[in-house]
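Worksheet: one structure, shown below.
The values are calculated or read from the model by the stated rules, or taken from the named source; none is laboratory data. This one's a predicted model, so the numbers in the text were calculated from it and none came from an experiment. Cβ placement follows ideal geometry from the backbone for every residue including glycine, while neighbour counts extend to all protein chains displayed.
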Amino acid sequence: MMNTPTRFTFYGDLLGIGAAYRLSSNVAYDKLDAFYNTVFNRFGSLCDRPASPIKVHMFSDSVVMWGEDVAETLEQLQLVYLDLIEKNLLLRGVLVDGALQREPRVEVTNFAKFLPIDNTLARAVGLEKTVKGARLLVESQLAHKLLSTHPEWLTIEGYIEHLNPNVPMCSPLRRICPSPSGMTYELLYFWRQNPAPTQAATGNERVAERLKELAEFQDTSVARHLLETLKVLKRSEMRRRRTERGLLGA
């Protein structure tokens, strides 16, 4: 994938928690509990390793993580998104270039401080608010670094014309695509990493039906999040099928 680690910061928040609290504090708690457990199960071991640990900070419905190996993080984030979708949870987040830097502060018991000294977190939060749905955006600057060995993939047509059989099908680099707005890139995370094509298609068909059904019961603002998530699924399936057709003749 990448020869040298690239530093990153990720910010994401869980959609719909305010509405869940209005229904019931227990409903909201269960959603947040599932969110926390899912992120921990995927990233806990990466935070404990001696070399290049990933740092994760979770509070309420938000998660911030940063570290030095964005390639590995992309793979795990894709799995987090898919795990959450199976639990009817929508995460909207952004990966930006550069690891979060914090200023050391004097702390005492029951008084912790978290003061960023660069703009990585601000960039991620600002970009995250520009889209609807469960999206995994990749800042353009970071996408250019990730695709530095495949610059033709920075455009949709470039990817189609240069599928490059030397890159594994499971590589997250194949899933990085310009977003519809043209402002940034996104990870087409519904293109699953390892299952057989029929299994992936069946799983996504089930998710698509559920998203469409849930959208019918929501007001316009909530339904839009569901329908925009459905569009990510469709874009993921289109890229998967186009890649398999070009490389495997499937």
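Need the failing condition index for Phe190 against (1) part of a helix (DSSP H, G or I); (2) crowded, with 19+ Cβ neighbours inside 10 Å, just the number.
(1)
Do we find that Lys145 is within 17 Å of Arg92 (Cβ to Cβ) and either of a type in the set (Asp, Glu) or in contact (Cβ under 8 Å) with a residue 24 or more places away in the chain (or both) in this structure?
Judged against the criteria, Lys145 is not a match.
Six or more apart or on different chains, Cβ under 7 Å: which pairs go from a residue in the stretch 41-55 that's modelled with pLDDT of 90 or more to one that's among the hydroxyl-bearing types (Ser, Thr, Tyr) and surrounded by 13 or more Cβ atoms within 10 Å (Cβ to Cβ)? Could you list them?
Correct list of pairs: Ile54/Thr73.
Provide a single number: the residues in the stretch 209-228 that are free of Cβ contacts under 8 Å to residues at least 12 places away in the same chain, part of a helix (DSSP H, G or I) and not aliphatic (A, V, I, L, M).
Count: 5.
Can you name the residue in the stretch 128-139 that is touching a strand residue (DSSP E or B) at 6+ places or on another chain (Cβ under 6 Å) and either part of a helix (DSSP H, G or I) or small (Gly, Ala, Ser) (or both) and, of all such residues, is surrounded by the most Cβ atoms within 10 Å (Cβ to Cβ)?
Ala134
Filtering the stretch 193-208 down to residues that are under 18 Å from the mean Cα position of the chain (by Cα) and assigned to a loop (DSSP other than H, G, I, E, B), which residue is modelled with the highest pLDDT?
Gln193
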